[in-house]
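Please read the structure below before turning to the comments.
Just so it is clear, none of the values below were taken in a lab; they were calculated from the coordinates. Treat the numbers as computed from the prediction; the structure is a model and nothing was measured. All Cβ positions, glycine included, derive from the backbone under ideal geometry; neighbour counts span all protein chains shown.
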Amino acid sequence: MDPVALLAPSRCLACGARGAVPFCAPCGARLPILHRGCDRCAAPRGAAHACWPPDAPVDATIAVYDYRGPVSAGIAAAKLRGARASWPLLGAPLAQAVLAREPDLDVVTWVTTPRPRVRQRGVDHAQVLGRPGGAAGGGG
């Protein structure tokens, strides 16, 4: 067995179960996947749909998960408990979603994390999540 895995086993980001990254099977089954919402902001359509302002320089937003349940717990764990190895695993489905949409892209970007938070956490998590999508879309 890998000595690192023995001393520091991987854990599910949502519930902490051993040996599962980023999510264990029960948490993975509860992931709130977004089913093609608004093309411009990615939010589910409905009465409370608050899209980007009309003058925002955004043509489209691609999202994979609704930020609830295991996803919010997992992202909080990765941000606050330093589970840095999980960021690329969380970004991979986003890259797949970019490729699936085959968008005509000028740029793929992310909303940067404020510098004090990057210093505190040691990583710009938004950049790490956005990089696989940017590479898939021809940006980076």
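Here are a few things to note about the model shown:
- Cα-Cα pairs of segment 86-131 separated by more than 12 Å (percent): 65
- Sorting the Cα pairs of segment 12-134 by distance into bins of 5 Å, from 0 upward, gives 2, 10, 18, 21, 20, 16, 9, 2, 0, 0 percent per bin.
- Each of LEU80 and ARG30 was given a label point 7 Å from its Cα along the Cα-to-Cβ line. The distance between the two points is 1.7 nm.
- Over all pairs of different C-alpha atoms in segment 12-82, the reciprocal of the mean inverse distance, the Kirkwood hydrodynamic radius, equals 13.6 Å.
- Radius of gyration (Cα atoms) of segment 48-102, expressed as a multiple of 2.2 N^0.38 Å: 1.38.
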